[in-house]
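Read through the structure below, which is laid out as structure tokens, and then see the notes.
Nothing in this text is a laboratory measurement; each read-out follows from the coordinates by a stated rule. Keep in mind that what you see is a predicted model, and the values were worked out from it rather than measured. Don't worry about glycine lacking a Cβ; one is built from the backbone with ideal geometry, like all the others, and counts go over all protein chains shown.
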Amino acid sequence: MKINLYNFNINQIPQEEDDYHEFKSSLIEKELADKLCKAVSGFANAGGGLFIVGINDKTGNADGGILRSKGQKTQEGQPIKDWVDTVISKIEPIPKYEIILLDEVYDRGFLHDDRVVMVIAVEESFIGPHMFDYKYYIRAGRHTVPARHFIVEAIRAKRFLSKPSLSHIFRLKPKNDQILQLGLVAINDSPAIDIMLSLEPLPQHLKKYGSEFPIHIPIIDRNNPYYLDVALYNDCETSFGHNTILKLEYEDPFSNKYKIEKIVGVKSAPPVNIGSDEIKKALEEIVKAITQLKQ
């Protein structure tokens, strides 16, 4: 399930619970931590979903909301988002999630002063199964229930279907488009860990740094690509060439090991960018040359 929280509002929440939406009333504060962990682990194990606090599960409308601060009925309590982070940290491994607080419910019920509807959006996980209190949970319709053994094994197997996948690209270095960079980017959501990068033969630009190879990169994922200066753009075909071998060794979060060897060449390098100042200067030179010819 792909959850988009941009401009999210209560009218995007259905009136009834389903596989992807679980409601909890504003009145269950004493049991909230336990129910939160079970639901979040269940959603992570079963494709993602929304755990929504402050919605009555019978009416589908806001029923007063919860305090922005947890612990005391004043603003001196722990901020609710910090409290959620602390509670969810009891899940192993911790899944990805986001928190949004809704302070407007339109015609969907009511909120007391300084109270909100809290939405916890849990992403589908590929590093499961996720466990809370030594048990695994999964969504079954509109309920979160303990997962049977064969379900747990199926979830565990799923993580191997999404092994880290890295690809290389060439780009011109931002703020210095005379330098060509070789980049490594993740093309799925599974991170690569402890990457060792080698190039054979080393490009001319990098030979003086030969003792630094293989380069160790702690992690590459969608949010953390890696870029290496490999050549000057104007002589990249000579200094980098078309038959350099890129060697990668890395692991996934479960210590499974991977090796890649591939030939990379600069044929896919981008064209040099010419900024407005360079264009202006070039045009001035052309005008100057034409003027001299006319004299």
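Residues whose amide H lies under 5 Å from that of Ser190, counting only those 5 or more places away or on a different chain, are Ser165; hydrogens are built 1.01 Å from N in the peptide plane. Projecting the Cα atoms of Phe213, Pro253, Asn176 onto the dipole axis of the chain, where Lys and Arg carry +1 and Asp and Glu carry -1 at the beta carbon, places Phe213 farthest toward the positive end. With coordinates expressed along the principal axes, the C-alpha atoms belonging to segment 10-161 extend over 47, 32, 22 Å, beginning with the largest. Computed from the alpha carbon atoms alone, the convex hull of segment 74-204 holds 244 Å³ per residue.
Note down, for the chain, the three equivalent ellipsoid semi-axes (square root of 5 times each alpha carbon gyration tensor eigenvalue), biggest first, whole angstrom.
Rounded to whole Å, the semi-axes are 52, 28, 15.
Counting helices only, and only those DSSP H runs with n ≥ 4, report the 222 nm mean residue ellipticity of the chain as the sum of -39,500 (n - 2.57) divided by its residues, in deg cm²/dmol to the nearest 500.
It comes out at -6000 deg cm²/dmol, rounded to the nearest 500.
Largest first, the three principal axis extents of the alpha carbons in segment 163-268 are 42, 27, 21 Å in whole numbers. Take every pair of alpha-carbon atoms less than 8 Å apart whose residues are at least six positions apart; their mean separation over the length of the chain yields a relative contact order of 14 percent. Using alpha-carbon pairs under 8 Å, 6+ residues apart, how would you state the relative contact order of segment 163-268 in percent? Over segment 163-268, the number comes to 30 percent.
When the chain is treated as a Gaussian network with alpha carbon springs shorter than 10 Å, the biggest mean-square fluctuation among Tyr258, Tyr209, Tyr97 belongs to Tyr209. Exposure proxy for Val105, Val152: other Cβ atoms within 10 Å of each Cβ, ordered fewest to most, give Val152, Val105.
Could you tell me which GluC sites (Glu not before Pro) in segment 19-94 are loop residues by DSSP with no more than 10 other beta carbons within 10 angstrom of their beta carbon? Those satisfying the criteria are Glu76.
Averaging the Cα positions of each part gives two centres, and for segment 132-194 and segment 1-46 these lie 23 Å apart. The magnitude of the dipole of the chain, with charges of +1 and -1 set on the Cβ of Lys/Arg and Asp/Glu and taken from the Cα centre, is near 640 debye. Once backbone amide H atoms are built at 1.01 Å from N, Met131 has Glu92 as its partners under 5 Å, excluding neighbours fewer than 5 places away on the same chain. Radius of gyration (Cα atoms) of segment 207-260, expressed as a multiple of 2.2 N^0.38 Å: 1.40.
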